[in-house]
Amino acid sequence: MAVEGAHPAESQRLLFPPPAAPFVITRRILLRELLLALIPAVAFVVVLALGNLVYLDYVHVLSGGTWTGIDLFMGLVMSRVMRSLTVPQRAEVAKRLTPRTLFLLPSLAGTAVTSGIYLAMAEGRFVLSDPWILAAGVVVLVLLAQGLGMLLPNNVRILLEVQKTRPDVEKIVRLNRRNLLLSGSQAAFQFAIIFIMAHLAMI
């Protein structure tokens with residue numbers, strides 16, 4: 001069936017568009033994602049230089065909330081979407097997703113944790129004998145261990161694999177599946193830290 005008012009060749013092009021060009025992770029893409037990931041860290045440094053606790057609180061809440069939101073989306077939504085795709089499709093999604101999360105998630109996590117510590121110290125609540133502070137510290141250590149010890153290395157391994165002439169599709173899918181499960185786990189721990197932070201804010 002031709003598209004009304006269009007040349008036959010144009011109708012065929014509209015009805016059956018050519019396949020998209022393969023996605024290649026270039027240095028330009030990585031640089032762009034790195035610059036985006038620097039925004040939370042730069043905001044933290046600027047606010048720290050200004051010495052404004054209200055702005056510091058904004059940076060802490062926004063970076064922490066964005067970190068939690070991404071983990072929730074990855075763990076609850078993307079994991080289900082990926083299960084409905086074929087193995088090659090999962091590999092393509094992982095290839096596009098990895099550059100976006102490689103720098104952004106560590107930047108958000110580092111900004112949220114560091115700004116939270118500065119806030120607690122500025123408000124005189126960073127007392128290591130306080131069980132709530134200890135609980136927060138334990139949860140943060142678990143989150144950092146998962147993020148820096150497992151998520152980040154997996155992302156680097158995916159990135160290195162997709163650059164190969166013949167990437168191991170199964171390996172990419174397997175590593176990405178682990179990351180999605182870890183993201184769901186991180187979201188659970190982040191809910192715990194939000195509960196602790198809410199308690200500390202009310203006392």
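Quick note: the coordinates plus some simple rules give every number you see, no bench work behind them. Given the structure is predicted, the values throughout are model-derived calculations rather than measurements. Heads up, the Cβs are rebuilt from the backbone with ideal geometry, glycines too, and the neighbour counts pull from every protein chain shown.
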Response to the item:
Between the Cα axis of helix 27-50 and the main Cα principal axis of the chain, the angle (0 to 90°, nearest 10) is 20 degrees
Practice prompt. Binning at 5 Å from 0, report for the chain what percent of all alpha-carbon pair distances ends up in each bin.
Written response: 1, 7, 13, 15, 15, 13, 10, 8, 6, 4, 3, 2, 1, 1, 0, 0
Discussion item. Helix 169-202 against the longest principal axis of the chain: what's the angle in degrees, Cα atoms only, rounded to the nearest 10?
Written reply: 30 degrees
Worksheet item: What relative contact order, as a whole-number percentage, does the chain give when Cα pairs under 8 Å and 6 or more residues apart are counted?
Response: 29 percent
Worksheet item: How big is D for segment 125-165, in µm² s⁻¹ as a whole number, if Stokes-Einstein is applied with the Kirkwood radius of its Cα pairs at 4 °C and 1.567 mPa s?
Response: 106 µm²/s
Worksheet item: Going by alpha carbons, how many degrees (0 to 90, nearest 10) lie between the helix axis of 131-146 and the longest principal axis of the chain?
Response: 30 degrees
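If you place +1 on the Cβ of every Lys and Arg and -1 on the Cβ of every Asp and Glu, how big does the dipole about the Cα centre of the chain come out, in debye to the nearest 20? It would help to have the intermediate numbers written out before the result.
On the way: 18 positive and 11 negative charges, 163 e Å.
Dipole of the chain, to the nearest 20 debye: 780 debye.
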Fill in: Computed [θ] at 222 nm, deg cm²/dmol, the chain (DSSP H ≥ 4; -39,500 (n - 2.57); rounded to nearest 500)
-26000 deg cm²/dmol
